[in-house]
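Accompanying notes for the structure given below.
The values are calculated or read from the model by the stated rules, or taken from the named source; none is laboratory data. Everything numeric in this text was worked out from a predicted model, so none of it was measured. Ideal geometry is used to build each Cβ from the backbone, glycine not excepted, and the neighbour counts take in all protein chains shown.
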There are 2 protein chains.
Amino acid sequence: MRVSRIQAEENRQTVIDVASRLFREHGFDGIGLKDLMKGAGLTQGAFYKQFQSKDDLAAQASRRALESAFGRWSAAADPQDPLGAVIAFYLSMGHRADRTDGCPVVALGSDAARQGADVKASFEAGIRKYLEMLGPWVGEADAEEPGGKAMAILSTMVGAVLLARAVNDERLSKRFLQAGAESVQRESSAGRAKQGRRK
Amino acid sequence: MRVSRIQAEENRQTVIDVASRLFREHGFDGIGLKDLMKGAGLTQGAFYKQFQSKDDLAAQASRRALESAFGRWSAAADPQDPLGAVIAFYLSMGHRADRTDGCPVVALGSDAARQGADVKASFEAGIRKYLEMLGPWVGEADAEEPGGKAMAILSTMVGAVLLARAVNDERLSKRFLQAGAESVQRESSAGRAKQGRRK
DNA sequence: ATTATCTATAGATCTATAGATAATGC
DNA sequence: ATTATCTATAGATCTATAGATAATGC
């Protein structure tokens, strides 16, 4: 029954990956350890050799989910128009429909607010990375502290997808995504104009 | 043990009120029927004479929560500068700290996305009311369909509070709220300028 | 000898239902 | 007679732990 240390570490990573997706789909309270472990091909009994508690896994899975989402932004951002490219997939009906692999801030933001400091630390680290990436795109210098324009734009993007998911009417959802995209474009081009970098 | 019909109806309303607050605090999956009923001074056994299921209560409590939040907007909105007044409390550290009585879209938006059509219908109705109220404040005519500017502004407000709650660092939270407020003011004054109503 | 995973289980809690009780409503 | 609420419980599920097993690592 025992497996090698390498295999055990691989299993641990698989559990974190699976949890990062299943938590986004069902919420932290919406799925149990049994189903999380089953998703990784293991049984519930193996859990506590790998993690301290369900909260511990929630923190690690949140970190993993944010990293994965950041990777998507990096991959999508083509050099010509990185913000436009990110907006195109973030503010889309595809993203609205795909909680499992979508942005964890939207999928779990309300849940994260009820969690402990560890889960919030994972979110905070991921959110800071988003802001660092957004800053230069909207005409803000690389700075220690994130800029207000990047923060407002991220808020608009997150809010638009959250609202698009909270309603039944798909036409209304589309309008939230579209309105968000237009607003972000306005805000960002105003920023770049100030720097004399309007395209 | 039996109470009058009037008392029974009062009890029902109390359960809905209590649930609208406790769901915002703990999430739909984070609190059970026993504690919900205890909050209204009843026992769990009385639940199913009043509601079809927990989902049924979730839909009714969501409706109640949105109505209550809309009431707060109406109360806060002074005629001189209604948007400014709403922003002042919505994008505040007080609102960040008070999930229980705060905006249900922020407190339960991620959860609502996982719920059935009834809960989403409650959210949709409430969100449409928010938009109807916002429209005229940002220079949009009263129309059948909500305007894009109001939708973008609501997205920014919701997103800013969601992000402010998902991080540990209070300074970062404040900056999200501040950045959201400034962005909304920019967007709305641009709207009013177009209509020649700049103050 | 150590240990990663398994099966089994403790003890709590969850939603929902059943039957008893006592007050209302006719 | 009806019924709003109560106590009690069914049956499922939850997190966490205990002990068995079998392969690894020394």
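Before moving on, here are some points about what is shown:
- The range A:119-142: number of residues that are of a type in the set (A, V, I, L, M, F, W, C) and within 20 Å of A:ARG24 (Cβ to Cβ): 5
- If the condition is being within 14 Å of chain A (Cβ to nearest Cβ) and within 8 Å of DNA strand C (Cβ to nearest atom), then the range B:40-58 contributes B:LYS54, B:ASP55.
- Test: residue in the range A:61-68 that is closer than 22 Å to B:HIS26 by Cα, without any contact (Cβ under 8 Å) to a residue 24 or more places away in the chain and out of contact with any Pro (no Cβ under 8 Å at 6 or more places or on another chain): no
- First in the range A:1-26 and more than 14 Å from A:GLN60 (Cα to Cα), second anywhere and more than 7 Å from DNA strand C (Cβ to nearest atom), Cβ under 6 Å, 6 or more apart: A:GLU25/A:ARG99; A:GLU25/A:THR100
- In the range A:183-192, the condition of being out of contact with any helix residue (DSSP H, G or I) (no Cβ under 7 Å at 6 or more places or on another chain), within 10 Å of chain B (Cβ to nearest Cβ) and under 30 Å from A:ASP29 (Cβ atoms) is met by no residue.
- Of all residues in the range A:22-39, those being more than 9 Å from DNA strand C (Cβ to nearest atom), away from every other protein chain (no Cβ under 14 Å) and surrounded by 16 or more Cβ atoms within 10 Å (Cβ to Cβ) number 3.
- Exactly one residue out of B:VAL167, B:VAL86, B:VAL106 is under 17 Å from A:ARG165 (Cα atoms), modelled with pLDDT of 95 or more and of a type outside the set (Gly, Ala, Ser): that is B:VAL106.
- Restricting the range A:114-126 to residues that are touching a Phe, Trp or Tyr at 6+ places or on another chain (Cβ under 9 Å) and surrounded by fewer than 23 Cβ atoms within 10 Å (Cβ to Cβ), the residue that is farthest from the other protein chains (Cβ to nearest Cβ): A:GLN115
- Assessment of the range A:89-102 against the conditions (in contact with a His (Cβ under 7 Å, 6 or more places away or on another chain), within 13 Å of chain B (Cβ to nearest Cβ), touching a residue at least 24 places away in the same chain (Cβ under 8 Å) and crowded, with 21+ Cβ neighbours inside 10 Å) yields at least one matching residue.
- Evaluation of B:LEU134 against (1) free of Cβ contacts under 8 Å to residues at least 60 places away in the same chain; (2) of a type in the set (A, V, I, L, M); (3) within 7 Å of another protein chain (Cβ to nearest Cβ) (one fails), failing number: (3)
- Any chance B:ALA141 is without any contact (Cβ under 8 Å) to a residue 12 or more places away in the chain and farther than 23 Å from A:LYS149 by Cα: yes
- Filtering B:ASP78, B:ASP55, B:ASP111 for residues that are surrounded by fewer than 22 Cβ atoms within 10 Å (Cβ to Cβ) and modelled with pLDDT of 95 or more leaves a single hit, B:ASP55.
- Complete set of residues in the range B:148-173 that are surrounded by fewer than 22 Cβ atoms within 10 Å (Cβ to Cβ) and touching a residue at least 12 places away in the same chain (Cβ under 8 Å): B:GLU170, B:SER173
- Single residue of the range B:1-21 satisfying the filter (within 24 Å of the chain's Cα centre (by Cα) and within 11 Å of DNA strand D (Cβ to nearest atom)) that is farthest from the other protein chains (Cβ to nearest Cβ): B:GLU10
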